[in-house]
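Colleague: I have a structure I would like to understand better, so I am pasting it below and will then ask my questions one at a time.
The values are calculated or read from the model by the stated rules, or taken from the named source; none is laboratory data. Treat the numbers as computed from the prediction; the structure is a model and nothing was measured. Positions of Cβ are generated from backbone atoms using ideal geometry, with glycine treated the same way; all protein chains shown enter the neighbour counts.
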Amino acid sequence: MPVEEAAIQTRTLTRTFGRFTAVDAVSFRVERGEVFGLLGANGAGKTTTIRMLTGLLRPSGGEAWVVGVPVHSAPESVKPRIGYMSQKFSLYEDLTVAENLTFFGGVYGLPRRVLAHRRAELLDLFDLTELANRLTSQLAAGHRQRLALASALIHRPQLLFLDEPTGGIDPISRRTFWRMIAGLAEEGTTVMVTTHYMDEAEYCHRLAVMRDGRIVAVGSPRDLRREYNAATIEEVFLAIASTGGGS
Amino acid sequence: MLRSLRIIGHVFRKEILQVVRDRQMLRMILIMPILQVILLGYAVTIDVKYLPLGVVDYDHSPESRRLIEDFRHNETFDLRGRLAGPGAVREALDSGRISAVLIIPAGFASSLGRAEPVSVQMLMDGVDSNASLIAAAHARGIVESYGLSLVRERLAGRQLPDLRPRVTVFYNPELASRFYMVPGIVVILLTMLTSLVTGIGLVREREAGTLEQLSVTPIRTVQLLLGKILPFVLIAYFVLAIAISVCLFWFGVPMRGSWGLLAIFSFLFLFNTLGLGLLVSTIARSQQQALFMTWFTLIFGIMMSGLFFPIENMPPIMQQLTYINPLRYFLAVVRELFLKGSGVGAFRLETAGLMMLGPLALLLAGLRFRKRAR
């Protein structure tokens, strides 16, 4: 299978929990440097898809290549090359900002010099240098989110997974966040993101809409709006949800 | 290899930072061992002393008063006073004001004078069966030696056989149960600290979601678990040093064995408790569950360790069960090291037990621990 050039390529990727099929034979492709959005209601299968692609969950069937690694057979090998930030911003509350970055960098096995350099770089990039010695539990939600993103990027991953990264964040912080994501994509990092916020979908290069474990529409925001004759992605989403979608 | 050590080092450093940040926890780690060993060292004793005693004397003779005096001068009993009759006896026992009653019948002195058989009655509160058993034996001894002294007086001037046992007690000549209990309390302290802290530590990470964050990194299970365990090995030695200092300098418990052996056996034992903690954390879904499971296991482990109840007195099946109890082995080692100064040759069974159970617990924990994809 020619997978080298794709950031993600799946073929009939499936995951069942008992009788329930969470993800149902999903096939899609994400190019390198793309910001790819996964939309869908709660329970549509977005998070299950991401957990399979990050090697957290074994697929029940089908195949998935992530940055060239077959995660269906070698889930551990993909881990050094991807970053992951979940909706919960999993950080150590009782460590400082700098200590969190050091720890996650350390866990990826970065040598000391590289780690120190990368930490300073990220603190600067995310405007956290002044808060470096602040305990994480004392940070505002927006700052915590930026620290979580910085921690996910400490090892320079080729591909970044964001699972509902902007929950509980004020609109200004959200816009700053998306500006950073755009910057990452320009530098060649592929980003796969799930979100509830339809206005955020506009920031993605391409979108896939999931319903009942299946992808029911794929395309750029503009193409999708045109196809469904809608003014916004929200209208597209509602149209798909009410018509019962395609596929 | 070097890279692996570096990763373990980062987890280690993080754990230490988290412990140091938690002031309350740090204070507990420092002060708890001292307080616990001192307080429990006084409280946990199986010596029976000053058992409250009541007396009913129906005879009012010089002989009955002499017997009562003998009881007064024995420190097993504390003579609280005279009781009028059966009603008062019952009331005093029921209310718990006294735990033993000596009843001397009317005609006690005259029966003794006529060399007729006569008995005095002892009533015991058997709720604490162990204490009453010991006290009853002491009471028998007092009454019998009083009787013997009467015989000697009656046969004064005659040649009498005089047979007495001469008991020499080794290792704990004063038979102080404190010397026996205090090192045991140190063992329990170490067990509680290490198993609870590790068990809760990993569950806390699961609850906070940081465990999932770690699951998407390339860290290996072994690296993570070692990094989480080793800081607590260090802390455990620290606590052990504090607690043993209290043993030696506060209670004057002698240390006759080798410090090196104690350190080595502590290390073997720590892998058992830390392994248990980790195993619990792979099963428990919440910190409460982890706490409950660890408690349950520990109570079993402590009760079946031989600290409070000798293992030889247990039914055979329960005795067999104690072979899977690491506390049993470590307790034996600590006691023998302190009081006897035994060498490593005396601990073959203990060495084997600790070396098998610890790695087994760790192995099970490692197998159950789900870092990899499900």
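Colleague: At pLDDT 95 or above, within 14 Å of another protein chain (Cβ to nearest Cβ) and assigned to a helix (DSSP H, G or I): is that true of A:A116 in this structure? Even if it seems obvious, please write down each step before you answer.
Modeller: Values: at pLDDT 95 or above: yes; within 14 Å of another protein chain (Cβ to nearest Cβ): yes; assigned to a helix (DSSP H, G or I): yes.
Here the answer is yes, as A:A116 does meet what is asked.
Colleague: Could I ask something else about it? Can you tell me which residue in segment A:90-110 is nearest to B:G9 (Cα to Cα), limited to those that are at the interface with another protein chain (Cβ under 8 Å from one of its Cβ atoms) and part of a loop (DSSP other than H, G, I, E, B)?
Modeller: My answer is A:G109.
Colleague: Give the residue that is nearest to the other protein chains (Cβ to nearest Cβ), with candidates limited to residues of segment A:57-74 that are crowded, with 24+ Cβ neighbours inside 10 Å and closer than 22 Å to A:S151 by Cβ. Give the steps one after another, and end with the answer.
Modeller: Initially, segment A:57-74 is screened for residues crowded, with 24+ Cβ neighbours inside 10 Å, giving A:59, A:64, A:66, A:71.
Checking which are closer than 22 Å to A:S151 by Cβ leaves us with A:66, A:71.
Numbers: A:V66: 12, A:V71: 8 Å.
Looking at the filtered set, the residue picked out is A:V71.
Colleague: Being out of contact with any Pro (no Cβ under 9 Å at 6 or more places or on another chain) and more than 15 Å from B:F12 (Cα to Cα) is the filter here; which residues of segment B:212-237 pass it?
Modeller: Going residue by residue through segment B:212-237, those that are out of contact with any Pro (no Cβ under 9 Å at 6 or more places or on another chain) are B:212-216, B:219-237.
Scanning segment B:212-237 gives B:E212, B:Q213, B:S215, B:V216, B:Y237.
Colleague: Answer yes or no as to whether A:E76 is of a type in the set (D, E, K, R), assigned to a loop (DSSP other than H, G, I, E, B) and touching a Gly at 6+ places or on another chain (Cβ under 9 Å). Walk me through how you get there before you give the answer.
Modeller: Numbers: of a type in the set (D, E, K, R): yes; assigned to a loop (DSSP other than H, G, I, E, B): yes; touching a Gly at 6+ places or on another chain (Cβ under 9 Å): yes.
It is true that A:E76 is of a type in the set (D, E, K, R), assigned to a loop (DSSP other than H, G, I, E, B) and touching a Gly at 6+ places or on another chain (Cβ under 9 Å).
Colleague: Going by what's in this entry, would B:F300 be described as part of a helix (DSSP H, G or I), within 14 Å of the chain's Cα centre (by Cα) and under 30 Å from B:L226 (Cα atoms)? Working first, answer last.
Modeller: Values: part of a helix (DSSP H, G or I): yes; within 14 Å of the chain's Cα centre (by Cα): yes; under 30 Å from B:L226 (Cα atoms): yes.
Yes; evaluated as a whole, the condition is true for this residue.
Colleague: Moving on. If B:S119 passes every condition in (1) modelled with pLDDT under 85; (2) among the hydroxyl-bearing types (S, T, Y); (3) under 21 Å from B:V56 (Cβ atoms) but one, which one does it miss?
Modeller: Unmet condition: (1).
Colleague: Looking at this structure, is B:Y180 surrounded by 17 or more Cβ atoms within 10 Å (Cβ to Cβ), within 24 Å of B:L262 (Cβ to Cβ) and among the aromatic types (F, W, Y)? Please lay out each step first, then the result.
Modeller: Details: surrounded by 17 or more Cβ atoms within 10 Å (Cβ to Cβ): yes; within 24 Å of B:L262 (Cβ to Cβ): yes; among the aromatic types (F, W, Y): yes.
Yes: the conditions hold for B:Y180.
Colleague: Could you list, ordered by first residue, the pairs with Cβ atoms under 9 Å in which the first is in segment B:145-166 and free of Cβ contacts under 8 Å to residues at least 40 places away in the same chain and the second is of a type in the set (S, T, N, Q) and in a helix (DSSP H, G or I), at least 6 apart or interchain?
Modeller: Pairs that qualify, where the first residue is free of Cβ contacts under 8 Å to residues at least 40 places away in the same chain and the partner is of a type in the set (S, T, N, Q) and in a helix (DSSP H, G or I): there are none.
Colleague: Among helices (runs of 4 or more DSSP H) lying entirely in segment B:172-287, which contain 3 or more residues that are out of contact with any strand residue (DSSP E or B) (no Cβ under 8 Å at 6 or more places or on another chain) and more than 14 Å from chain A (Cβ to nearest Cβ)? Write out each step before concluding.
Modeller: Numbers: elements: B:177-208, B:210-215, B:221-249, B:259-283.
Once the helices (runs of 4 or more DSSP H) in segment B:172-287 are filtered for at least 3 residues that are out of contact with any strand residue (DSSP E or B) (no Cβ under 8 Å at 6 or more places or on another chain) and more than 14 Å from chain A (Cβ to nearest Cβ), what remains is B:177-208, B:221-249, B:259-283.
Colleague: Just to check your reading of the model, which residue among A:R174, A:R225 is basic (K, R) and under 18 Å from the mean Cα position of the chain (by Cα)? Full working, then the answer.
Modeller: Details: A:R225 fails: under 18 Å from the mean Cα position of the chain (by Cα).
The match here is A:R174.
Colleague: For A:F104, which of the numbered conditions (1) touching a Pro at 6+ places or on another chain (Cβ under 6 Å); (2) modelled with pLDDT of 95 or more; (3) not aliphatic (A, V, I, L, M) fails to hold?
Modeller: Answer for A:F104: the failing condition is (1).
Colleague: Taking the conditions exactly as written (at pLDDT 85 or above, surrounded by fewer than 12 Cβ atoms within 10 Å (Cβ to Cβ) and more than 28 Å from B:F238 (Cβ to Cβ)), does B:V143 satisfy them or not?
Modeller: Details: at pLDDT 85 or above: yes; surrounded by fewer than 12 Cβ atoms within 10 Å (Cβ to Cβ): no; more than 28 Å from B:F238 (Cβ to Cβ): yes.
Judged against the criteria, B:V143 is not a match.
Colleague: Moving to a separate point now. Would you kindly identify the helices (runs of 4 or more DSSP H) lying entirely within segment B:1-87 that contain at least 1 residues that are within 14 Å of chain A (Cβ to nearest Cβ)?
Modeller: B:2-21, B:23-43
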